[in-house]
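Below is one structure; the comments refer to it alone.
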Amino acid sequence: MKASEIRELSLEEMHRKVADLKEELFNLRFQHGIGQLENPQKMPQAKRDIARLKTIIREFELKDDTDK
């Protein structure tokens, strides 16, 4: 997921996406633990997407604080 795509989402959608990615990461870790993970590159990609979303959410929060 690209940053430009994330910025088009609303704040609520971003929070929902973070929750979905955390659930996906949990499932990937579980699959990895039992040896059924087909594509190991999905784990770091999910972590990167979560970090990217959280960074942009924080930017929105800081922008709102400076506007007040």
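Any read-out appearing in this document is the output of simple, stated calculations on the displayed coordinates, not a laboratory observation. What you see is a predicted model, and the numbers here were worked out from it, not measured in a lab. Cβ coordinates were reconstructed from backbone atoms using ideal geometry, including for glycine residues, and neighbour counts include every protein chain displayed.
Each peptide in 5-17, 48-60 was scored by the mean count of other Cβ atoms within 10 Å over its residues; highest first, the order is 48-60, 5-17. Using a/c under 1.5 as the rounded threshold, could you call the chain rounded, prolate or oblate? The axes a ≥ b ≥ c are square roots of the C-alpha gyration tensor eigenvalues, and prolate needs a/b larger than b/c, oblate otherwise. The shape class here is prolate. Our coupling estimate for segment 52-59, obtained by passing each phi through the Karplus curve with A = 6.51, B = -1.76, C = 1.60 and θ = phi - 60°, is 5, 5, 5, 5, 5, 4, 5, 4 Hz, Gly and Pro reported as x. Once both labels are positioned 7 Å from their Cα atoms along Cα-to-Cβ, the gap between ARG48 and LYS2 label points is 1.4 nm.
Here the sum of -39500 (n - 2.57) over DSSP H runs of 4 or more residues, divided by the residues of the chain, equals -27000 deg cm²/dmol at 222 nm, to the nearest 500.
For a straight C-alpha distance cut-off of 23 angstrom, the lysines reachable from LYS63 (same-chain residues fewer than eight places away being disregarded) are LYS2, LYS17, LYS54.
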